[in-house]
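Asker: My structure is below; once you've seen it, I'll send some questions.
The values are calculated or read from the model by the stated rules, or taken from the named source; none is laboratory data. This is a predicted model, so every value here is computed, not measured. Here the Cβ is made from the backbone with ideal geometry for all residues, glycine too, and neighbour counts use every protein chain on show.
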Amino acid sequence: MVSIVKTPDLDKKRNELKKEQRRLTIRKFLQNKLAVTGSVILVLLVLLAVVGPMLISADPYAINPEDRLQGPSADYILGTDNFGRDLLSRIIFGAQISLLIGLSVSFFAGVFGTIIGLYASYYRPLDNILMRICEGIMAIPAILLAIALMAALGPSTKNIILALSVVYTPYVARVVRSSALVVREETYIEAMKAIGAKSSRIIWGHMAPNVMSPLIIQITSVFANAILIEATLSFLGAGVPAPTPSWGNILYDGKLVIFNTPWMVVFPGICIVLAILALNMFGDGLRDILDPHSNKGKK
């Protein structure tokens with residue numbers, strides 16, 4: 001007589017296994033110096049963008065010609081720009097814009113890249129069409145394509161998000177597709193096809209969860225690149241339009257007086273470097289934690 005395992009016992013064991021996996025993941029995260037350091041810096045930058053405006057009273061848009069190009073002092077902690085605007089308040093409000101653009105681009109590129117990558121990996125005829133389009137976009141350097149799109153769309157925050165989403169979606173799609181191709185060849189996928197499971201169920205119920213690890217790592221890279229490209233576009237005058245503050249805009253204002261007032265480029269430059277460094281460290285740490293074949297885990 002065949003014995004049947006009771007469902008409650010099976011569910012209990014499954015829940016215990018999931019809890020143990022979560023504890024193991026958290027333990028590996030806390031032991032990984034790259035991931036912890038990167039996440040701490042990211043949290044501080046997010047707090048700067050979210051809580052910072054509540055703690056300062058200076059208006060980032062207020063022009064004070066008599067106080068222009070003032071150095072750091074008790075009245076202006078980080079000095080003023082060439083219009084007499086408080087640099088600290090502009091950097092804090094600029095953090096909101098820069099992080100919002102990076103987050104939005106990584107979200108949209110992640111969503112559309114996942115859809116394209118999954119369907120391209122599952123349907124071979126569709127694969128040839130979608131991947132040739134992605135390769136054509138990726139053949140153009142990201143900064144040049146972003147500049148071209150911004151020239152066509154016009155400078156605005158929404159257009160920057162749209163342009164950078166178009167630029168980085170193919171990168172996400174390629175990563176998702178390469179991982180999904182491996183999953184598609186697994187035996188359980190073939191078994192589900194044999195029993196007549198719907199394609200949508202196979203793609204989203206079984207293939208999508210198995211590409212999350214490389215997808216998350218790629219999204220952190222897109223986040224960092226989006227912040228850098230946005231700063232570059234704003235520095236060139238093709239990004240966030242003035243007087244809206246962003247880290248790139250502040251650098252643009254300071255390039256003409258860099259030798260007389262270096263603080264106008266030093267402080268926003270430090271913020272950009274910290275943000276990109278933190279995201280790269282966080283992404284590298286996640287790779288070490290989530291990749292079972294990686295032997296580079298940091299203790």
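Asker: Sort out which residues of region 41-62 are surrounded by 13 or more Cβ atoms within 10 Å (Cβ to Cβ) and out of contact with any strand residue (DSSP E or B) (no Cβ under 9 Å at 6 or more places or on another chain), and write them in order of number.
Answerer: Step one: filter region 41-62 for residues surrounded by 13 or more Cβ atoms within 10 Å (Cβ to Cβ), giving 41-42, 45-46, 48-50, 52-53, 56, 58-61.
Selection gives Ile41, Leu42, Leu45, Val46, Leu48, Ala49, Val50, Gly52, Pro53, Tyr61.
Asker: Can you go through Leu162, Leu256 and tell me which one is hydrophobic (A, V, I, L, M, F, W, C) and over 22 Å from the mean Cα position of the chain (by Cα)?
Answerer: Being hydrophobic (A, V, I, L, M, F, W, C) and over 22 Å from the mean Cα position of the chain (by Cα) holds for just one of Leu162, Leu256, which is Leu256.
Asker: So which residues in region 48-103 are among the polar types (S, T, N, Q), assigned to a helix (DSSP H, G or I) and within 23 Å of Phe259 (Cα to Cα)?
Answerer: Scanning region 48-103 gives a single hit, Ser89.
Asker: So which residues in region 95-153 are surrounded by 19 or more Cβ atoms within 10 Å (Cβ to Cβ), of a type in the set (Phe, Trp, Tyr) and closer than 18 Å to Phe223 by Cα, if there are any at all?
Answerer: Of everything in region 95-153, just one residue is surrounded by 19 or more Cβ atoms within 10 Å (Cβ to Cβ), of a type in the set (Phe, Trp, Tyr) and closer than 18 Å to Phe223 by Cα, namely Phe108.
Asker: Could I ask something else about it? Can you work out which of the residues in region 174-221 that are buried (at least 18 other Cβ atoms within 10 Å of the Cβ) and among the small types (Gly, Ala, Ser) is farthest from the chain's Cα centre (by Cα)?
Answerer: Ala180
Asker: Here are Ile270, Ile229: which of them is aliphatic (A, V, I, L, M), surrounded by fewer than 22 Cβ atoms within 10 Å (Cβ to Cβ) and more than 24 Å from Ala180 (Cα to Cα)? So that I can check it myself, show each step before the final result.
Answerer: Values: Ile229 fails: surrounded by fewer than 22 Cβ atoms within 10 Å (Cβ to Cβ).
Result of the check over Ile270, Ile229: Ile270.
Asker: Select, from Ile115, Ile101, Ile92, Ile77, the only residue that is in contact with a strand residue (DSSP E or B) (Cβ under 9 Å, 6 or more places away or on another chain) and not small (Gly, Ala, Ser). Before you say what the answer is, go through the steps one by one.
Answerer: Details: Ile115 fails: in contact with a strand residue (DSSP E or B) (Cβ under 9 Å, 6 or more places away or on another chain); Ile101 fails: in contact with a strand residue (DSSP E or B) (Cβ under 9 Å, 6 or more places away or on another chain); Ile92 fails: in contact with a strand residue (DSSP E or B) (Cβ under 9 Å, 6 or more places away or on another chain).
After applying the criteria, what remains is Ile77.
Asker: If you don't mind, another one. Scanning for something outside any helix (DSSP H, G or I), farther than 26 Å from Ser199 by Cβ and at pLDDT below 90, does region 145-153 turn up at least one residue? Steps first, please.
Answerer: Step one: list which residues in region 145-153 are outside any helix (DSSP H, G or I), which gives none.
Looking through region 145-153, none of the residues is outside any helix (DSSP H, G or I), farther than 26 Å from Ser199 by Cβ and at pLDDT below 90.
Asker: If Val51 satisfies every condition in (1) touching a residue at least 12 places away in the same chain (Cβ under 8 Å); (2) farther than 14 Å from Arg90 by Cβ but one, which is the exception?
Answerer: (1)
Asker: Residue under question is Ala278, and the condition is that it be closer than 30 Å to Asp86 by Cα, under 18 Å from the mean Cα position of the chain (by Cα) and in contact (Cβ under 8 Å) with a residue 60 or more places away in the chain; does it hold?
Answerer: Numbers: closer than 30 Å to Asp86 by Cα: yes; under 18 Å from the mean Cα position of the chain (by Cα): yes; in contact (Cβ under 8 Å) with a residue 60 or more places away in the chain: yes.
Considered against the rule, which asks whether it is closer than 30 Å to Asp86 by Cα, under 18 Å from the mean Cα position of the chain (by Cα) and in contact (Cβ under 8 Å) with a residue 60 or more places away in the chain, Ala278 comes out as yes.
Residue-by-condition table, conditions (1) modelled with pLDDT of 80 or more; (2) surrounded by fewer than 12 Cβ atoms within 10 Å (Cβ to Cβ); (3) assigned to a helix (DSSP H, G or I):
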{"position": "Val2", "(1), (2), (3)": "no, yes, no"}
{"position": "Glu16", "(1), (2), (3)": "no, yes, yes"}
{"position": "Gln21", "(1), (2), (3)": "no, yes, yes"}
{"position": "Val36", "(1), (2), (3)": "yes, no, yes"}
{"position": "Ser39", "(1), (2), (3)": "yes, no, yes"}
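Asker: A follow-up question, please. Looking only at region 236-243, decide whether some residue is surrounded by 15 or more Cβ atoms within 10 Å (Cβ to Cβ), in contact (Cβ under 8 Å) with a residue 12 or more places away in the chain, in contact with a Pro (Cβ under 6 Å, 6 or more places away or on another chain) and not small (Gly, Ala, Ser).
Answerer: yes
Asker: Filter region 74-127 down to residues that are within 20 Å of Ile229 (Cβ to Cβ) and among the hydroxyl-bearing types (Ser, Thr, Tyr) and give me whichever is modelled with the lowest pLDDT.
Answerer: Filtering first and then ranking leaves Ser98.
Asker: Another question about this same structure. Checking the structure you have, find out if any residue of region 172-184 is closer than 30 Å to Leu251 by Cα and either aromatic (Phe, Trp, Tyr) or in contact (Cβ under 8 Å) with a residue 40 or more places away in the chain (or both). Break it down stepwise before answering.
Answerer: Initial filter on region 172-184 (closer than 30 Å to Leu251 by Cα): 172.
Retained after the next criterion (residues that are either aromatic (Phe, Trp, Tyr) or in contact (Cβ under 8 Å) with a residue 40 or more places away in the chain (or both)): 172.
Looking through region 172-184, at least one residue is closer than 30 Å to Leu251 by Cα and either aromatic (Phe, Trp, Tyr) or in contact (Cβ under 8 Å) with a residue 40 or more places away in the chain (or both).
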